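Worksheet: one structure, shown below.
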Amino acid sequence: MSRTVVIVMVLVMVAAAASATTIYFVQANAPATGMSEEQRATREKFFGTAKELPPIEKGQEMRPRW
């Protein structure tokens, strides 16, 4: 094998090892349970609730409020 092929193979193995390590640490740091009640309340306060919007009345226009 030529020197170029060996260098490319080593770089590919290093990249694969780095990817595997990153995936391992990301999965290890993932929260085991869902959000706490306090976190859920804060999220709903900031983003709003996941409730459906009321239906559009007949003749009502859909336009931004600006």
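Just so you know, all these numbers are worked out from the coordinates, no wet-lab data involved. As the structure is a computational prediction, the values presented were derived from the model and not from experiment. Here the Cβ positions follow ideal geometry from the backbone for every residue, glycine too, while neighbour counts run over all protein chains shown.
Can you give the angle from 0 to 90° between the axis of helix 3-28 and the longest principal axis of the chain, with both taken from C-alpha atoms, to the nearest 10?
Between helix and principal axis, roughly 40 degrees.
If you fit an axis through the alpha-carbon atoms of helix 37-47 and take the longest principal axis of the Cα set of the chain, what angle between them do you get, 0 to 90°, nearest 10?
Here the helix axis deviates by roughly 70 degrees.
With label points built 7 Å along Cα→Cβ from the Cα atoms of Val12 and Arg43, find their separation and express it in nm.
Placing both labels 7 Å beyond Cα along the Cβ direction yields 4.1 nm.
Using 0.36 nm times the number of residues separating Met62 and Tyr24, minus their current alpha carbon distance, what extension gain do you get?
So the extension gain works out to 9.0 nm.
Run through the range 37-66 and list the GluC sites (Glu not before Pro) located in a DSSP loop whose Cβ has at most 16 other Cβ atoms within 10 Å.
Answer by residue number: Glu52, Glu57, Glu61.
Test of understanding: given the chain, find the longest segment containing no trypsin sites (Lys or Arg not before Pro) that are in a DSSP loop and have at most 11 other Cβ atoms within 10 Å.
1-50
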